[in-house]
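The values are calculated or read from the model by the stated rules, or taken from the named source; none is laboratory data. This one's a predicted model, so the numbers in the text were calculated from it and none came from an experiment. Because the Cβ atoms are built from the backbone with ideal geometry, glycine has one as well, and the counts that use them run over all protein chains shown.
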Amino acid sequence: MKEKIIENKGAKYSEMLYSIVQKFDDELPAEFSFEDTLEIGIEAWNLANNKDYLEKNNLYKQELKNYNYSKIIDKMVSYKLEKFSDFSNIIVDYSTENDILQVKTQTFENHFNSLLKKLY
C-alpha cells in the first residue's frame with residue numbers, strides 16, 4: 001500500500017523547525033552542518049511532543065540523558081512547547097533538496113501504526 005501524502009495547507013512544520021534550529025544554532029558546535037543541526041532540532045521536536053507523558057512517568061530527565069547535546073535539546077524542547085505547542089505531529093523525515101527544507105510529519109497514531117507494520 002502506497003503511503004498517502006497530504007500537503008500541509010496550514011502552518012509549515014519546516015518553518016517551525018527552521019526557527020528552532022536558528023534560535024539555538026550558536027549553542028551547537030560550529031563544525032556542525034545544517035543537516036546536523038536539523039537532526040538535533042528534530043530530536044528536540046519529537047521529544048517535546050512526548051514531554052508531558054515522560055514527565056508524568058518521571059522519565060523525561062532519564063530520556064534526555066540518551067541524547068548528545070542534551071542541555072541544548074532541553075532548551076529546544078522548552079522553546080518548541082512555548083512557541084508551537086499546538087503542533088504535535090512527529091517529524092519522521094526531511095529533505096534539503098535544492099536548498100529548500102521540507103519535512104515529512106505523521107500524527108502520533110499514524111507513526112505508531114507504521115512502526116507496528118514494520119514489525120509484522
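Taken over the range 42-58, the residue count meeting the criterion of being under 22 Å from residue 106 (Cβ atoms) and over 10 Å from the mean Cα position of the chain (by Cα) is 5.
Out of curiosity, is residue 23 closer than 24 Å to residue 109 by Cα, modelled with pLDDT of 95 or more, touching a Phe, Trp or Tyr at 6+ places or on another chain (Cβ under 7 Å) and in a helix (DSSP H, G or I)?
Working: closer than 24 Å to residue 109 by Cα: no; modelled with pLDDT of 95 or more: yes; touching a Phe, Trp or Tyr at 6+ places or on another chain (Cβ under 7 Å): yes; in a helix (DSSP H, G or I): yes.
The answer is no for residue 23.
Return yes when residue 112 is touching a residue at least 40 places away in the same chain (Cβ under 8 Å) and hydrophobic (A, V, I, L, M, F, W, C) and no when it is not. No: the conditions fail for residue 112.
Within the range 55-67, identify whether any single residue is touching a residue at least 40 places away in the same chain (Cβ under 8 Å) and not in a loop (DSSP other than H, G, I, E, B), and answer yes or no. Checking the range 55-67: not a single residue is touching a residue at least 40 places away in the same chain (Cβ under 8 Å) and not in a loop (DSSP other than H, G, I, E, B). One residue stands out among those in the range 59-101 that are more than 12 Å from the chain's Cα centre (by Cα) and of a type in the set (A, V, I, L, M): the one that is farthest from residue 15 (Cα to Cα), which is 59.
Exactly one residue among 83, 65 is surrounded by 13 or more Cβ atoms within 10 Å (Cβ to Cβ) and among the basic types (Lys, Arg), and that residue is 83. Going by the conditions given, is residue 78 touching a strand residue (DSSP E or B) at 6+ places or on another chain (Cβ under 8 Å) and assigned to a helix (DSSP H, G or I)? It is false that residue 78 is touching a strand residue (DSSP E or B) at 6+ places or on another chain (Cβ under 8 Å) and assigned to a helix (DSSP H, G or I).
The listed residues are 60, 13, 53, 69, and the only one of them that is of a type in the set (Phe, Trp, Tyr) and touching a Ser or Thr at 6+ places or on another chain (Cβ under 7 Å) turns out to be 13. Of the residues making up the range 104-114, those that are part of a helix (DSSP H, G or I) and surrounded by 10 or more Cβ atoms within 10 Å (Cβ to Cβ) are 108, 110, 111, 112, 113, 114.
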